[in-house]
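Participant: The following block contains the structure, expressed as structure tokens.
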């Protein structure tokens with residue numbers, strides 16, 4: 001059994017512009033990777 005690639009993502013700052021990181025997270029999930037999205041930090 002092959003291990004999934006696991007990616008941890010977080011968006012620093014408080015400007016609220018998180019659309020880009022959400023698009024990347026979806027693309028990584030669609031490619032079969034496990035995404036842990038911590039949100040705005």
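Computed from the coordinates by the stated procedures, all read-outs in this text should not be read as laboratory data. No experiment lies behind these values; they were computed from the predicted model shown. No Cβ is skipped: glycine too gets one built from the backbone with ideal geometry, and neighbour counts run over all protein chains shown.
Participant: Would you mind checking the tilt of helix 19-30 against the longest principal axis of the Cα atoms of the chain, expressed as 0 to 90 degrees and rounded to 10?
Facilitator: 10 degrees
Participant: Treat the count of other C-beta atoms within 10 Å as a stand-in for reagent exposure and order 22, 4, 11 from fewest to most.
Facilitator: Ascending number of Cβ neighbours within 10 Å: 4, 22, 11.
Participant: A follow-up question, please. What full-extension length gain, to one decimal in nm, is calculated for residue 8 and residue 26 as 0.36 nm per residue of separation minus the Cα-Cα distance?
Facilitator: Gain in length upon complete extension: 5.2 nm.
Participant: Roughly how many nanometres apart are two label points built 7 Å out from the Cα toward the Cβ at residue 19 and residue 36?
Facilitator: Once both label points are built, they end up 2.9 nm from each other.
Participant: Restricting the calculation to Cα positions, tell me the Rg (one decimal) and the Dmax (whole number) of the chain in Å.
Facilitator: 11.4, 41
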